[in-house]
Each structure stands twice: as C-alpha cells, then as structure tokens.
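The values are calculated or read from the model by the stated rules, or taken from the named source; none is laboratory data. Here the structure is a predicted model, which is why all the values come from computation and not from measurement. Because the Cβ atoms are built from the backbone with ideal geometry, glycine has one as well, and the counts that use them run over all protein chains shown. Keep in mind that these areas ignore ligands, DNA and RNA; they rest on the heavy atoms of the full protein, side chains included. Shrake-Rupley method; radii C 1.70, N 1.55, O 1.52, S 1.80 Å.
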Amino acid sequence: MKKIVVSVLAIILALGLVACGQSNSSPGKGQSGNSQQGSTGDQIIIGNLQDLSSTTSVWGKAVTNGAQLAIDRINKDGGINGKKLKLVTYDTKNDVQEAINAYNRLASQDKAAAIIGPPVSNIGIALAPIAENTKVAILGSFIDERATTKNDGKPWGYNFLIQPSSVQQAQIVAGYTMDKLNVKKIGVLYNQANAYSVSLAKPFIDYVKSHGSQIVSEQTYKTSDKDYKTQLAEIQATGAEAIFIPNYIQEDVLAVQQARQMGINVPIVGGLDFAPPFAELAGDAANDVYFPNNIAAEDPQIKEVAAAYKAAYNEEPLNKAFIGYDSILVIADAIKRAGTPDPVKVRDALEQTKDLKGTTGIISISPKTHRPYGLSMVMIKIEKGQYVTKERYITKEQQQQ
Amino acid sequence: MTAQLIINGLSLGAVYALIAVGFAIIFNILKFSNFAHGGFMTVTAYAGFLATRFWHTSLLATLLIASLAGGLLGLLAELVAFRRIRNNKSPVIYYFVSSITLGMLLENLMTIFFSTNFYSYPNFFPVNTIKLGRLIIGVPDLIMFCISTLALIILAIIIYRTKLGTALRSVSYDLDTSGLMGINVLRIIQLAFFLAGFLGGISGVFLGISYTLYPQLGQMVVKGFIASVIGGLGSLEGAVTGAFLLGMVEIFLIRLVGSGISPVFIFIIMLLFLLVRPRGIAGSHIQEKA
C-alpha cells in the first residue's frame with residue numbers, strides 16, 4: 001500500500017516538473033517571434049506592481065483601478081500610435097522580494113514598456129538599483145527621496161516619482177502652518193519605527209527651525225503603541241500652538257482623538273493620511289485638522305474622473321486612484337513623445353515630462369532629481385466632519401526650483 | 001502630572017486585565033496559553049461593530065452581542081481545535097500550535113471579509129471627557145474600567161461561590177480525578193471556553209472603541225500574556241494584578257525613558273520574573289505540563 005502511494009506521488013511530482021518546464025519555455029517561443037521589446041503585437045504592455053492582498057492592499061487596488069480607468073479611456077480613443085495599451089498587474093503582497101520577482105517578470109517576459117510602482121517607499125528603494133540594470137522605468141508614488149535619488153544626490157536612472165516627495169510635502173505643510181495659520185510654536189508627534197512617518201517629520205522640523213519658528217516638543221512612539229496621552233501631555237505642557245502628526249491613518253485617528261479628549265484644541269497638521277476616510281473614523285475629534293492633498297474635490301476634472309471611476313467600480317475613488325490615473329497619463333505621454341514603446345526611449349521621454357495636465361496638478365519631472373517640481377498641493381481643512389478645500393499652496397523655494 | 005499618569009495607567013491596565021483574565025481561565029484548566037484568544041477578540045470586535053451598524057444597538061446591547069458571539073466562538077474553538085488533542089492526551093505543544101494557527105486563521109478570515117480598511121465604532125457617549133481640576137478622565141476609559149471591574153467581580157463570584165465554580169476549580173486542579181468524582185469534565189471545559197470567549201467579547205468591543213477596528217487588533221493579546229506571566233500564569237487574581245501593574249509601568253516608562261526604549265525595560269521585568277519568581281506575583285502552584 002505504502003509503495004503505491006509513494007509511486008503515485010512520484011508520478012504527480014514528475015508531471016508537475018514537466019508542466020513547469022513547459023510553462024517556462026513558452027515565453028521563449030514568443031521571444032523568437034517578431035515581438036519587439038516594449039510591446040507584443042498590436043499591444044503596448046504597461047506593468048503594474050501593487051499590493052493586492054496584504055496590509056496596503058487598499059492603496060494597491062485604488063492605484064490599479066485608477067490606472068485601468070485611464071487605459072480604458074485611452075484605448076477607447078484609439079490607443080497610442082494605433083496600438084492599444086494593456087495593463088499587466090502583479091501582486092507584491094507588500095513584500096520586497098515578491099516585488100523584485102514581479103518586476104523581473106514584467107521586464108523579461110511581459111516586455112513592459114514602463115511600470116507603475118507601488119506607493120510604498122521601501123519597495124521603491126529596493127527596486128531602484130535593479131531597474132538601473134534591467135532598464136525598464138518605474139513611475140512610482142514612493143515619497144521617500146531615497147527611492148529616486150542616490151546618496152550623492154544624483155538620480156537613480158530608471159526610478160521616477162509622480163507626486164511631491166516627503167521633503168516637498170513636509171515643507172509645504174510647514175510653510176503653510178507658519179505663513180497661513182500664523183503659528184510660531186509647534187509640537188511634533190511621530191512614529192519613530194515607521195520610515196514614512198520619519199521621512200515627513202525630519203524635513204518638517206528642519207524647515208520650521210530654519211524659517212524662524214520653534215519646535216517646542218518632539219515626541220515619538222513606536223508601531224505597537226496605542227496610547228499617546230503621555231506624549232501629548234508633554235506637548236500640551238509646552239504651550240504648542242499647533243501639532244504636526246505625520247502618521248498612518250489609524251495612528252492619526254488615535255492621536256487626534258486622544259489629543260481632543262485631553263482638551264488640546266490647537267490646529268493639528270499632518271500628511272496625506274488625513275484624507276478620507278479619516279474624518280469619518282475620528283468623528284468630532286477631526287475638527288481643525290489641516291493637511292496637503294494631491295487633488296481638490298471641487299475641481300471639474302476631478303469630478304468627471306471620480307464619476308467615471310464610480311460608474312466603473314461602484315465605489316468612491318481614494319487619492320491613490322488619481323495617482324494611478326495620472327501615472328498612465330504620464331507614461332502614455334512619454335510613449336507618444338518617444339514614438340516607440342522601447343523601454344529605454346520611454347525612460348528618456350519620462351525624464352523630459354513637462355507641463356502635463358493631470359488630475360493631481362501640472363506635472364513636470366526634473367531630470368536632476370526624477371521628482372516633480374513646482375507641483376503645488378491642495379491644502380484641506382476638516383470642519384465639522386467635512387473636507388473643505390482652502391487653497392493650492394507651495395513654498396517660495398519650491399516655486400523657484 | 002503624576003496623578004494623570006496613574007489615571008492613564010489604570011485605564012490601560014483595565015484593557016490588559018480583561019485580556020489577561022480570558023487568557024488565564026484557559027491556562028488554569030488546560031495548562032496551555034491560548035494564543036487564539038487574540039483572534040476571539042478580533043472577531044467579537046467586528047461582531048459588535050456589525051450590530052451597531054445594522055441594528056444601531058446601545059453600548060450594553062453591543063457588549064452583550066459581542067460577548068455571546070465570543071462565547072459561542074469559544075465553544076466552537078474547543079470543539080474544532082482542542083477536543084481531539086485532549087482526548088488523545090497529546091503533548092501540550094499540540095495545544096500551543098493549534099491555538100496559534102487558529103488565531104492566525106481568524107485574523108486572516110477577518111482580513112478577507114473586511115479588508116484592511118479601518119472602521120470605528122459610533123460614539124456611545126454624549127460627553128467624552130470629565131475634568132477634575134487639572135486631571136482629565138476619558139469617559140470611555142472610565143466606563144471601560146467600571147464594566148471590566150464588574151465583569152471580573154461577577155467572574156470571581158461564579159468561580160468562588162457557585163457549584164459550577166467549585167467544579168471549575170477542581171477540574172483546574174486535576175482533570176482526571178475530578179472526572180472520577182462525577183464531574184462532567186467536558187461541560188466544565190466548555191464552560192471555561194465560553195467564559196473566556198465572553199470576556200474576549202467585552203475586551204474586543206472596548207479595544208474597538210479605543211483603538212478602531214482592524215484585523216490585527218487581536219495582537220494586543222501579547223500584552224495579556226506578559227501580564228499573566230508577571231501576575232502568575234493560571235492565576236486570575238495574578239492576571240488582574242499583573243495587568244494593572246503592566247499598564248502603569250508602561251505609562252511611566254514612556255514618560256521617563258520614551259516609547260522606543262520602554263519595551264527593553266518591560267522585557268527585563270518579565271525576564272526577572274521568569275528567573276527569580278517564575279510563579280509570578282500570585283505565586284500560584286500551577287506549572288505548564290511538559
């Protein structure tokens with residue numbers, strides 16, 4: 001009996017190996033055909049690396065849906081140079097190794113012309129040197145500056161950023177807090193174990209100090225902490241006139257609720273994570289919160305894209321959906337200007353992106369940093385649970401850049 | 001400032017106490033640490049949340065629904081994950097593996113059904129804070145403290161003043177002998193799982209109210225475990241004492257050395273207990289079967 005079981009297992013295993021071998025060899029056959037790098041037949045492949053099943057899957061799905069919406073629209077208008085676009089998405093599971101494997105598959109097997117990267121900085125940082133060798137560009141929304149520039153300040157050859165970087169965002173918030181809210185004494189509360197949180201807190205503190213205002217208290221916590229009352233009490237005792245809280249959404253909710261519970265009623269400023277559904281989660285505590293957003297909900301173009309998104313997916317688009325949408329616009333524009341889906345030429349064209357009207361603003365990419373420049377952000381205030389658009393804002397330094 | 005820290009420490013300790021006691025009941029009887037308890041808390045937190053969303057239940061009704069859901073889940077877990085292990089008299093490590101796997105399963109099921117989005121409970125309280133001079137007391141914290149204390153007192157009455165409680169204690173002392181004495185051991189073990197799930201339901205709702213809902217909510221169970229170790233594994237009084245002590249120590253450590261370093265001190269405290277007084281503060285006689 002045992003022998004029979006063993007031999008059956010052996011046969012299954014052998015069949016499995018043969019099957020794997022076959023599936024591996026099939027792309028090879030495709031390669032020998034007339035397909036050229038960057039396209040297969042009458043299609044242009046655009047890769048998409050997103051988390052679809054893990055902790056950041058809410059973002060991954062939004063980016064993917066937004067990108068697909070833009071592709072459907074471009075294809076409906078006849079595609080690019082007579083070729084249709086096709087989005088090929090792989091799940092990174094928010095894991096660096098999965099993302100690297102998926103990137104290599106997109107580059108070598110799927111022949112992607114360019115790839116949309118995830119809104120997660122550690123994956124962007126890990127992919128940067130790999131993309132430089134493989135030579136297929138990644139247009140990501142990873143805001144940590146190390147994902148786009150090396151330590152010496154020179155850009156990574158094949159990584160590009162589509163939204164303001166962490167430094168740019170932190171400076172925009174710091175500038176707005178000092179100029180428009182007229183605040184001189186600011187407290188900071190951030191998660192020292194989270195790269196995203198740190199990457200916003202440090203440049204914020206630097207900017208405030210170098211522009212004549214004061215950081216009266218700098219408080220930290222770590223990811224597993226749920227109670228920040230002790231830290232908030234320290235900030236409260238210093239008489240801070242505003243608090244900068246650049247954290248992930250759930251920590252934002254806890255921090256803001258606890259601050260309001262303690263009777264801290266000064267303005268709270270922070271990063272993009274104050275966007276919906278923050279106000280709904282935090283309830284009454286959310287009043288008097290300011291943050292920079294990529295989009296203004298009242299903008300007619302946003303309204304139109306949001307309506308199309310809702311019609312297609314039956315849900316309200318998150319911010320990241322517009323990032324996905326704009327990523328396709330930028331890549332399509334680069335392919336058009338390059339005149340070919342060849343990844344290296346597309347990369348060269350991406351570097352020259354200028355004054356492209358996207359949903360998140362006028363996008364120009366700097367060849368020196370591979371990041372957008374002069375891209376203002378929309379300052380939003382939460383009043384009585386509603387998101388109220390104040391104005392588009394950018395610091396003077398960034399405007400001149 | 002110090003008085004405020006004590007208040008904050010008590011409110012954190014009350015959460016830990018509920019977790020730790022649910023944990024301790026199972027340890028008391030079956031002599032293993034039920035890491036699926038975190039999963040119970042997560043599931044019940046979502047159950048309570050669904051009740052508020054669809055039936056607009058009051059706080060008490062929400063607690064009741066979540067607790068009953070937790071109790072039923074406890075019974076189901078006993079049947080599916082632990083009964084055969086016990087009947088086969090398998091080594092304790094089997095319980096351990098089974099409970100960790102079950103905890104992971106529950107967490108992943110929640111991720112599949114509710115995605116990783118955050119949800120928050122509606123606001124049950126008309127006023128959120130009470131001010132006594134310079135002291136600030138959060139109303140949710142206060143109510144959590146009172147209900148937790150009440151639940152623990154009722155539990156103590158059940159255990160020390162009722163026939164069922166006597167049976168529970170005798171089973172915890174010796175499973176086989178109490179069976180020979182005519183106690184229905186299976187029923188008693190089911191009761192223990194029901195009670196643990198019931199308490200898990202209360203802590204689940206309060207965790208949800210305090211910290212919003214997300215699938216990894218149950219990972220707070222580690223704090224309950226540390227509290228149990230400090231207080232004495234398997235001792236209910238010890239679990240409560242350990243929990244309040246842990247809450248207090250954490251809050252003061254954050255004030256004194258900052259949040260980043262405080263786990264180092266918590267770890268040292270736990271190590272000291274394991275080395276110097278492994279039976280914890282309560283000094284309970286129970287040891288894990290090996």
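Considering each residue of the stretch A:275-316, count those that are within 18 Å of residue A:58 (Cβ to Cβ), open to solvent by 80 Å² or more (accessible area, probe 1.4 Å) and away from chain B (no Cβ under 13 Å), and give that number.
Total satisfying the criteria: 2.
Give me the pairs: first residue in the stretch B:44-61 and free of Cβ contacts under 8 Å to residues at least 24 places away in the same chain, second residue crowded, with 21+ Cβ neighbours inside 10 Å and acidic (Asp, Glu), beta-carbon distance under 6 Å, and six or more apart or on different chains, which are they?
Pairs that qualify, where the first residue is free of Cβ contacts under 8 Å to residues at least 24 places away in the same chain and the partner is crowded, with 21+ Cβ neighbours inside 10 Å and acidic (Asp, Glu): there are none.
Name the single residue, out of those in the stretch B:99-118 being among the hydroxyl-bearing types (Ser, Thr, Tyr) and away from every other protein chain (no Cβ under 12 Å), that is nearest to the chain's Cα centre (by Cα).
B:99
What single numbered condition from (1) at pLDDT below 90; (2) surrounded by 15 or more Cβ atoms within 10 Å (Cβ to Cβ) fails to hold for residue B:51?
Answer for residue B:51: the failing condition is (1).
When you scan the stretch B:92-100, do you find a residue that is over 30 Å from residue A:225 (Cβ atoms) and either open to solvent by 30 Å² or more (accessible area, probe 1.4 Å) or in contact with a strand residue (DSSP E or B) (Cβ under 8 Å, 6 or more places away or on another chain) (or both), even just one?
Yes: the stretch B:92-100 contains one or more residues that are over 30 Å from residue A:225 (Cβ atoms) and either open to solvent by 30 Å² or more (accessible area, probe 1.4 Å) or in contact with a strand residue (DSSP E or B) (Cβ under 8 Å, 6 or more places away or on another chain) (or both).
Check the stretch A:247-265 and report whether any residue there is more than 13 Å from chain B (Cβ to nearest Cβ) and either farther than 30 Å from residue B:3 by Cβ or among the β-branched types (Val, Ile, Thr) (or both).
Checking the stretch A:247-265: not a single residue is more than 13 Å from chain B (Cβ to nearest Cβ) and either farther than 30 Å from residue B:3 by Cβ or among the β-branched types (Val, Ile, Thr) (or both).
Quick one: would you say residue A:316 is in contact (Cβ under 8 Å) with a residue 12 or more places away in the chain, over 20 Å from residue A:78 (Cα atoms) and touching a His at 6+ places or on another chain (Cβ under 8 Å)?
Against the criterion (in contact (Cβ under 8 Å) with a residue 12 or more places away in the chain, over 20 Å from residue A:78 (Cα atoms) and touching a His at 6+ places or on another chain (Cβ under 8 Å)), residue A:316 does not qualify.
How many residues are within 13 Å of chain A (Cβ to nearest Cβ) and assigned to a helix (DSSP H, G or I) when one looks only at the stretch B:254-266?
Number of matching residues: 8.
Condition (residue is within 12 Å of chain B (Cβ to nearest Cβ), open to solvent by 20 Å² or more (accessible area, probe 1.4 Å), without any contact (Cβ under 8 Å) to a residue 60 or more places away in the chain and over 24 Å from residue A:293 (Cα atoms)) applied to the stretch A:197-213: is it met by at least one residue?
Among the residues of the stretch A:197-213, not one is within 12 Å of chain B (Cβ to nearest Cβ), open to solvent by 20 Å² or more (accessible area, probe 1.4 Å), without any contact (Cβ under 8 Å) to a residue 60 or more places away in the chain and over 24 Å from residue A:293 (Cα atoms), which makes the answer no.
Within the stretch B:138-162, track down each residue that is open to solvent by 30 Å² or more (accessible area, probe 1.4 Å) and within 12 Å of another protein chain (Cβ to nearest Cβ).
B:142
Name the residue, out of B:190, B:216, that is part of a helix (DSSP H, G or I) and modelled with pLDDT under 90.
Details: B:190 fails: modelled with pLDDT under 90.
The conditions single out B:216.
Of (1) assigned to a helix (DSSP H, G or I); (2) under 21 Å from the mean Cα position of the chain (by Cα); (3) modelled with pLDDT under 95, residue B:121 satisfies all except one. Which?
Looking at each condition in turn, residue B:121 falls short on (1).
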